[in-house]
Amino acid sequence: MKQFKSEPIEMDYIIAEEIGSGQFATVRRCIERSSGKEFAAKFVRKKRIIGSRRGLLLEDIEREVNILKKLNHDNIVKLFNVYDNGNEVILILELVKGGELFDYLAGKEGLEETQAIAFIKQILLGLDHMHSKNIVHLDLKPENIMLLDKETQRLKLIDFGLSRVVNTGSDIREILGTPEFVAPEIINYEPITLATDLWSVGVITYNLLSGASPFLGDTKQETFANITAVDYFFDSTHFSDLAQHFISNLLVKDGRKRLTVDQCLQHDWIKQN
Ligand SMILES: Cc1ccc2c(c1)c1c3c(c(C)cc1n2CCCN)C(=O)NC3=O
């Protein structure tokens with residue numbers, strides 16, 4: 001069954017400047033000819049030869065598209081259309097122009113607690129929507145959390161390239177994500193669950209409050225060792241008691257003992273705002 005549009009994308013959109021690029025995808029700003037509205041066009045290269053390192057298998061691209069199609073929430077970037085030009089699949093996505101949370105944090109030694117709470121609450125609301133559909137992001141990090149625009153401070157989760165549907169019976173154990181933010185079960189090749197995202201929320205919260213990364217070592221191996229040993233500490237200047245309680249109940253090795261999204265949203269540190 002034909003899933004993606006095969007007519008040239010240029011018929012419907014003006015393709016403008018590149019705004020981001022990754023291992024398998026390039027993102028460009030684009031303008032819909034009929035409405036003049038701006039979007040983000042994510043060009044994902046298809047793997048030409050089995051076994052080649054370049055590009056993604058069509059089934060992996062379809063997984064991201066099918067996940068995005070299930071999601072509809074203010075704090076998650078929306079998918080509007082998908083084209084296939086033979087070499088690439090092109091996702092037409094909601095354009096968020098406020099930049100990455102990573103850049104917003106850059107140069108600051110952490111955010112004011114009320115600002116951090118407002119950001120974490122929005123991440124949790126987006127996650128709540130995903131987890132209610134058994135969808136796990138698996139690549140939550142400040143580069144994949146973007147401000148809608150600088151004024152409103154509204155956030156959107158982007159980049160569902162590593163997302164999976166869990167509890168489908170089959171265990172997911174592949175190594176995914178970015179070392180600083182991955183949970184112990186990813187490093188130990190154990191089953192991935194919704195709780196895997198909550199570990200990353202703990203790391204991001206620590207990051208937002210202090211500007212530092214709790215487990216970052218000089219090498220990837222050192223970072224992994226710090227994570228599997230849950231070896232981190234709070235310097236009291238950046239972390240209130242409530243914030244420490246929130247984070248330390250997320251950075252728990254056993255995923256079953258971590259706060260769930262609902263428990264996070266009910267936590268006094270979040271509700272005080
Ligand atoms: C203005 C701007 C600048 C860079 C952007 C984006 C928007 C952007 C967007 C998206 C993705 C997956 C990556 C994006 N990137 C690449 C960097 C994301 N970490 C997206 O889905 N919508 C965007 O606006």
Residue count for segment 104-134, restricted to those that are within 16 Å of the ligand (Cβ to nearest atom) and either at pLDDT below 95 or β-branched (Val, Ile, Thr) (or both) = 4
ask   = Filter segment 33-47 for residues that are touching a residue at least 12 places away in the same chain (Cβ under 8 Å), within 14 Å of the ligand (Cβ to nearest atom) and not aliphatic (A, V, I, L, M); which is nearest to residue 89 (Cα to Cα)?
value = 43
query = Out of all the residues in segment 25-40, which are more than 19 Å from residue 149 (Cβ to Cβ) and touching a helix residue (DSSP H, G or I) at 6+ places or on another chain (Cβ under 9 Å)?
reply = 33
inquiry  = Any residue at all in segment 16-30 that's free of Cβ contacts under 8 Å to residues at least 12 places away in the same chain and more than 13 Å from the ligand (Cβ to nearest atom)?
reply    = no
ask   = So how many residues does segment 72-114 have that are among the hydrophobic types (A, V, I, L, M, F, W, C), assigned to a loop (DSSP other than H, G, I, E, B) and closer than 30 Å to residue 7 by Cβ?
value = 3
request  = Working carefully through the options 104, 13, find the one that is hydroxyl-bearing (Ser, Thr, Tyr), surrounded by 16 or more Cβ atoms within 10 Å (Cβ to Cβ) and closer than 30 Å to residue 213 by Cβ.
outcome  = 104
task = Considering only residues that are in contact with an Asp or Glu (Cβ under 8 Å, 6 or more places away or on another chain) and closer than 16 Å to residue 61 by Cβ, look in segment 23-39 and name the one that is surrounded by the fewest Cβ atoms within 10 Å (Cβ to Cβ).
result = 26
task = Kindly indicate whether any position in segment 48-71 is assigned to a loop (DSSP other than H, G, I, E, B), within 13 Å of the ligand (Cβ to nearest atom) and under 24 Å from the mean Cα position of the chain (by Cα).
result = yes
key: Residue that is farthest from the ligand (Cβ to nearest atom) [pool: residues in segment 138-166 that are assigned to a strand (DSSP E or B) and in contact (Cβ under 8 Å) with a residue 60 or more places away in the chain]   = 165
query = Restricting to segment 108-123, what's the tally of residues that are surrounded by fewer than 16 Cβ atoms within 10 Å (Cβ to Cβ) and touching a Gly at 6+ places or on another chain (Cβ under 9 Å)?
reply = 2
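The values are calculated or read from the model by the stated rules, or taken from the named source; none is laboratory data. As the structure is a computational prediction, the values presented were derived from the model and not from experiment. With ideal geometry, Cβ positions are generated from the backbone for all residues, glycine too; neighbour counts draw on all protein chains shown.
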